[in-house]
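Scroll down for the structure; my scribbles are underneath it.
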Amino acid sequence: MTESRKPQPTEIDLNDPSDSEHVRLSRRQFLGSSAALMGAAGTGLGAGLLAPANAAEDEHNDIQVAPGELDEYYGFWSGGQSGEVRILGVPSMRELSRIPVFNIDSATGWGITNESKRVLGDTAFLTGDAHHPHMSMTKGRYDNKYIFINDKANTRVARIRCDVMKTDRITTIPNVQAIHGLRVQKAPYTKYVFCNAEFRIPHPNDGSGMDDIEAYYTMFNAVDAETMEMAFQVIVDGNLDNTDADYSGKYAFSTCYNSENAVTLAGSLRNERDHVVIFNIERIEAAIQAGDYQTLPGADKVPVLNGRKGSKLTAYVPVPKSPHGMNTAPDGRYAVANGKLSPTITLFDIHKFDDLFEGKIEPRDVIAAEVELGLGPLHTAFDGRGNAYTTLFIDSQICKWNMEQAVRAYQGEKVNYIVQKLDVHYQPGHNHTSMGETLDANGKYLVSLCKFSKDRFLPVGPLHPENDQLIDISGDEMKLLHDGPAFAEPHDCIIIHRSMVKTDKLWKRDDPFFADTVAMAKQDGITLEQDNKVIRDGNKVRVYMTSSAPLYGMDTFRVKQGDEVTVVITNLDTIEDLTHGFSLVNHGIQFEIGPQATASATFIARDPGVYWYYCTWFCHALHMEMRGRMLVEKA
Ligand code: RUQ
Ligand code: CUA
């Protein structure tokens, strides 16, 4: 089960321009022409301008993305406290799109339309704090199905569909608080989304037992990636921070700070060591099969297993002081716990986990190396060539180090495992390499997500942007290429070769995203693709109309004061990029209707009078004229 974890050679030819139908000019060809390079440099492309002075001679730095050219990689960025996910092009670092998830968005109508409210459920009014976006995988490689992301603020996990890049499911994790670390099971496929609940709470959390701090606990959670239902929860000692999984599908592991079970800062810093908890997924599944679990109130179908110290389902490995990031190397063998309050990283040998669970070795025997890197190690990324890149928060540096050399140094050999330290600006949290958390890690780019930008950009008031710095790691030395300002803290990102991401250009009429709305129309005897009709059902009114640039199917509709009005719009246009919008003035109603999509929103017609509605997405030379009136008659 654990033999073959060797990374396979990458299946993508990164220099093959045919991997995207849009690419007309090979990048190398392009860079070979200094005239073209000058031409691009003269356009003032802003974020797209990345070539260092020596780009023309230096093979490694082919990072120019000229106007009309496409990026080689997609970046999926967490939007932090904004609650959204952003799509960037890498290496240009241009922002391509935003996917609202845990936020309300006036452009797309996320949190406003009935379709998005069905996804958001009864948590539609909540805020979001998005940290860790991760794409589903098959056999350790991205599979373009879903991107999952956590909401720490309201204990949720969301799923984004990669075909349309919209959020399609959101699950609130029961009986825990603050989902932080999130990763997917990497093999054989993403059956589970693993997510850590960070804060310990009383159980039941009903106002009793609030002062019995010792009895608080938290849980490690697994969500079924297809159904988005809870698969299981595991009670742990301490709290949980970040998590990752191995390449066999058998193990997941989480860092823990506050093994002291304290509720104050001072209390949680008492111990010199906290721990990493290793979860044996096979044993957990067997225990569920055997009925060896309990359930908790309010979630009586979710198996809750005991994974506290001494349990056969988990192993606790002591590591220095409040470890934070947990990162599996693409060699399938090693995983790094980042020391945070200790200047060390702890390198785990995953190949020894079987022995540990069989009781043949002691917990600390799974440690292949524990070496000093610098101050404040938070997260580690990998290049697929045996090197690791660790952010040093306090030192404001990225430390590049070699894993095998670190193992030898830990065994007492006099070898230098640190390859290079690069200053970043400033205080990096996460970092991420191109394809770095998959078997396709290719060591081209590294992004350092810096928490402070200080003097790197024009001042914009007391609230500064973050600074996502792009670094070339393809050569022996790391080279800083680009400063990327970002609003609201992107904790984490993933960088995926464009050949592995395929999206739809138009909606399909039978898309499940608006299937409920289509079903409602059918009940009303409406054919959405052609009918423009008002259906009255008591004081509920459903207004069905089409949109086709530059016209709505109805330029006037009439309702009565106090009616609950649902406006349903179907965009008949079949042209790529031809999105219409619908905004009803003074009613807080605004949303996107993509080509071939149906979208709807419901509101109360409170005040009599004339209210204009208009198209919010510029769609046609007569876009301004794309409008109509809602006439609200006095009750
Ligand atoms: S965790 S750095 Cu969610 Cu590191 Cu932010
Ligand atoms: Cu339709 Cu603008």
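The values are calculated or read from the model by the stated rules, or taken from the named source; none is laboratory data. These numbers come from a predicted model, not from an experiment. Here the Cβ is made from the backbone with ideal geometry for all residues, glycine too, and neighbour counts use every protein chain on show. These area figures cover heavy atoms from the full protein model, side chains too; ligands, DNA and RNA do not enter into them. Shrake-Rupley method; radii C 1.70, N 1.55, O 1.52, S 1.80 Å.
Contact order, relative form, for the range 372-416: 28 percent (alpha carbon pairs under 8 Å, 6 or more residues apart, mean separation divided by residue count). For the pair the range 63-120 and the range 301-360, the centres of their Cα atoms are 33 angstrom apart.
For the chain, the share of DSSP beta bridges that are antiparallel, to the nearest 5, is 90%.
For the range 395-440, a simple Cβ point-charge model (Lys and Arg +1, Asp and Glu -1, everything else neutral) yields a dipole of about 200 debye relative to the Cα centre.
Rounded, prolate or oblate: pick one for the range 160-297, where a ≥ b ≥ c are the square roots of the eigenvalues of its C-alpha gyration tensor, a/c under 1.5 means rounded, and failing that, prolate if a/b is larger than b/c, else oblate. Please report the intermediate quantities before stating the final value.
Numbers: a/c = 1.64, a/b = 1.53, b/c = 1.07.
Taking the square roots of the gyration eigenvalues as a ≥ b ≥ c, the range 160-297 is prolate.
Working note: Karplus 6.51/-1.76/1.60 with θ = phi - 60° gives the range 140-157 the couplings x, 10, 4, 10, 6, 8, 9, 10, 10, 8, 8, 10, 5, 4, 10, 6, 10, 10 Hz, where Gly and Pro are set to x.
If you take the square roots of the eigenvalues of the alpha-carbon gyration tensor of the range 295-417 and sort them as a ≥ b ≥ c, do you get rounded (a/c under 1.5), prolate (a/b over b/c) or oblate? Here the range 295-417 falls in the prolate category. Dipole size of the chain about its Cα centre, with +1 on Lys/Arg Cβ and -1 on Asp/Glu Cβ: approximately 820 debye, rounded to the nearest 20.
Across K522, K145, K340, K309, the residue with the most accessible area heads the list, and the full order at a 1.4 Å probe is K522, K309, K145, K340. Helical runs assigned H by DSSP (4 residues or longer) give the chain a calculated mean residue ellipticity at 222 nm of -2000 deg cm²/dmol, each run adding -39500 (n - 2.57) before division by the residue total. Compared with the alpha-carbon gap, the fully stretched path from E529 to V419 is longer by 33.4 nm at 0.36 nm per residue. In this Cβ point-charge picture (+1 for Lys and Arg, -1 for Asp and Glu), the range 112-163 has a dipole of about 200 debye about its Cα centre.
A simple spin-label model places the labels of E229 and D355 4.1 nm from each other, with each point 7 Å out along Cα-to-Cβ. Computed extension length for R364-F618: 85.3 nm, one decimal, from 0.36 nm per residue of separation with the Cα-Cα distance subtracted. Here the Karplus relation 6.51 cos²θ - 1.76 cosθ + 1.60, evaluated at θ = phi - 60°, turns the backbone of the range 246-258 into coupling constants of 8, 9, 9, x, 8, 10, 10, 8, 10, 7, 10, 9, 6 Hz, with x for every Gly and Pro. Among the listed pairs K451/K479; K301/K352; K191/K301; K166/K505; K250/K340; K145/K250, those with a Cα-Cα distance over 24 Å are K301/K352; K250/K340. Across the range 77-89, computed HN-Hα scalar couplings (Karplus, 6.51 cos²θ - 1.76 cosθ + 1.60, θ = phi - 60°) run 10, 6, x, x, 5, 6, x, 10, 10, 10, 9, 10, x Hz from first to last residue, x flagging Gly and Pro.
Here the contact order of the chain, divided by its residue count and restricted to Cα pairs under 8 Å and six or more residues apart, works out to 10 percent. Considering only L422, F102, T390, the residue lying farthest towards the positive end of the dipole of the chain is F102, judged by Cα position with unit charges set on Cβ.
Distances between placed amide hydrogens fall under 5 Å for D168 paired with R159, I160, R161, all partners being 5 or more residues away or on another chain.
Each residue, A635 and I575, gets one label point 7 Å from its Cα in the Cβ direction; the gap between the two is 4.4 nm. Farthest towards the positive end of the charge dipole of the range 80-198, among the residues G111, A124, Y189, is the Cα of Y189, using unit charges on the Cβ of Lys, Arg, Asp and Glu.
Taking a ≥ b ≥ c as the square roots of the eigenvalues of the Cα gyration tensor, the range 94-221 is oblate, since a/c reaches 1.5 or more and a/b is not larger than b/c.
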